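Everything below concerns the one structure shown next.
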Amino acid sequence: MDDALSRYDRDDIVCDDFARAAAMFALMGSPVRVQLLWRLAEREHDVTSLADALGVSVATASHHLGRLRLSGLVSHRADGRRQVYSLDDPHLVHLVSDGVDHFADLRRRGRRA
């Protein structure tokens, strides 16, 4: 396992860790946000390319990206007049990728969760 993804001793986990994890899962309760995170796990994107890839308006993509940014799940940088978003937390990349892959695999095998 990657050093960046090493597990912590279960005794080191505190109540706030559970509360913050629950808040993160609640924030990811939107299919649009999961799609944004999934795309950003691949590479950085600007708002327009994300909106086009998801088939949503730029305003919708911007709204959801703003929520993800304020929560600290994604980061952004200015590139001229564009805002470029990225997802650089290896834990979150694995969480999103594994979650999407899990349900795609179940669908391919004709199973439902």
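The values are calculated or read from the model by the stated rules, or taken from the named source; none is laboratory data. All values derive from a computational prediction rather than experimental measurement. Glycine also receives a Cβ, built like all others from the backbone with ideal geometry; neighbour counts cover every protein chain displayed. Ligands, DNA and RNA are excluded from the accessible area calculation, which covers all protein heavy atoms including side chains. Shrake-Rupley method; radii C 1.70, N 1.55, O 1.52, S 1.80 Å.
Hey, can you tell me all the residues within region 55-64 that are more than 15 Å from the chain's Cα centre (by Cα), of a type in the set (A, V, I, L, M) and part of a helix (DSSP H, G or I)?
58, 59
Every residue in region 48-86 that is touching a Lys or Arg at 6+ places or on another chain (Cβ under 9 Å) and more than 14 Å from residue 28 (Cα to Cα), please.
48, 49, 50, 53, 54, 75, 76, 83, 84, 85, 86
Looking at 113, 21, 4 in this structure, which one is in a loop (DSSP other than H, G, I, E, B), at pLDDT below 95 and small (Gly, Ala, Ser)?
113
Of the residues that sit in region 71-113 and are free of Cβ contacts under 8 Å to residues at least 24 places away in the same chain and within 13 Å of the chain's Cα centre (by Cα), which one is most open to solvent (accessible area, probe 1.4 Å)?
88
Just a yes or no: is a residue in region 32-54 farther than 19 Å from residue 100 by Cα, touching a residue at least 12 places away in the same chain (Cβ under 8 Å) and in a helix (DSSP H, G or I)?
yes
Could you check region 51-70 and list, in sequence order, the residues that are in contact with a strand residue (DSSP E or B) (Cβ under 7 Å, 6 or more places away or on another chain) and open to solvent by less than 40 Å² (accessible area, probe 1.4 Å)?
Hit for region 51-70 is 65, nothing else.
Do we have residue 67 as free of Cβ contacts under 8 Å to residues at least 40 places away in the same chain and either among the small types (Gly, Ala, Ser) or outside any loop (DSSP other than H, G, I, E, B) (or both) here?
Taking the combined requirement at face value, the residue does not satisfy it.
Name the residue that is surrounded by the most Cβ atoms within 10 Å (Cβ to Cβ), counting only residues in region 39-48 that are hydrophobic (A, V, I, L, M, F, W, C) and modelled with pLDDT of 95 or more.
40
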